[in-house]
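Here's the structure, in structure tokens; my notes come after.
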Amino acid sequence: MNTITLKKATLNDIEILQFIGRKTFYETFITGNTEDDMKKYLDEGFSTEKLTNELNEKDSLFYVAFDNETVIGYLKTNTGKAQTEAQNENALEVERIYVAKEYHGKKVGQLLYDKALEIALSINAPYLWLGVWEENLRAINFYKKNGFEEFDKHIFKLGNDEQTDIMMKKNLSFQ
């Protein structure tokens with residue numbers, strides 16, 4: 001594996017985000033979900049209009065991971081009113097960390113998480129938080145390894161299916 005680099009995404013990167021977003025979401029969640037629900041979510045969640053709005057949101061940031069020229073994952077963070085649920089305005093939400101399946105276990109997720117932590121520390125966020133599907137044990141273990149603890153649950157709608165996400169938080173007051 002070559003050196004992995006991160007690039008802050010702009011409006012010029014919509015097609016890259018659509019590609020890696022659809023690829024990684026499908027790979028991660030097709031097991032346990034129907035094709036119809038998956039198609040509906042991918043069409044809505046990664047539409048040009050939705051990604052344009054997200055990229056134009058001043059309190060959201062996207063970073064794309066590359067292995068040379070190959071896009072292999074991405075990160076999306078939110079602060080303030082861009083957070084998907086009401087939290088402390090100064091907290092940082094890690095809305096998405098996704099890595100292509102062939103790069104699992106190669107520290108790409110850790111690199112993306114480290115970027116989120118760097119952002120949180122740079123804005124003096126009191127904590128990081130996120131929601132993770134209760135059946136995504138790989139991700140839950142990753143976040144626990146990085147110091148996150150469960151604090152609540154919420155519903156995530158994938159297509160027409162309502163699923164339970166575990167909400168996790170990492171306090172930064174001791175950093």
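List of remarks:
- Compactness of the chain as Cα Rg over 2.2 N^0.38 Å, two decimals: 0.98
- The stretch 105-175: GluC sites (Glu not before Pro) in DSSP coil with no more than 16 other Cβ atoms inside 10 Å: Glu134, Glu135
- Over all Cα atoms in the stretch 22-95, the spread is summed up by Rg and Dmax: 14.1, 38 Å.
- Cβ-based net charge around Glu102, under 14 Å, with every Lys or Arg adding one and every Asp or Glu removing one: +2
- 25 °C / 0.890 mPa s Stokes-Einstein diffusion coefficient of the stretch 1-61, Kirkwood radius on C-alpha pairs, µm²/s: 190 µm²/s
- Counted charge near Glu44, where neighbours are those whose Cβ lies closer than 14 Å (Asp, Glu -1; Lys, Arg +1): -1
- The relative contact order of the stretch 134-175, computed from alpha carbon pairs under 8 Å that lie at least 6 residues apart in sequence, is 37 percent.
- Ratio of the Cα radius of gyration of the stretch 135-175 to 2.2 N^0.38 Å, where N counts its residues: 1.36
- In the chain, helical runs assigned H by DSSP with n ≥ 4 each contribute -39500 (n - 2.57); averaged across all residues and rounded to the nearest 500, the mean residue ellipticity at 222 nm is -10500 deg cm²/dmol.
- For the chain, averaging the sequence separation of C-alpha pairs within contact (under 8 Å, six or more residues apart) and dividing by the residue count gives a relative contact order of 20 percent.
- One quarter of the convex hull surface built on the alpha carbon atoms of the stretch 60-158 amounts to 6.8 nm², the projected area averaged over directions.
- Positive-end residue of Asn160, Thr10, Asn124, charge dipole of the chain with Cβ unit charges: Asn124
Laboratory data are not the source of any read-out in this text; all were calculated from the coordinates shown. Please read all numbers here as calculations on a predicted model, not as lab measurements. With ideal geometry, Cβ positions are generated from the backbone for all residues, glycine too; neighbour counts draw on all protein chains shown.
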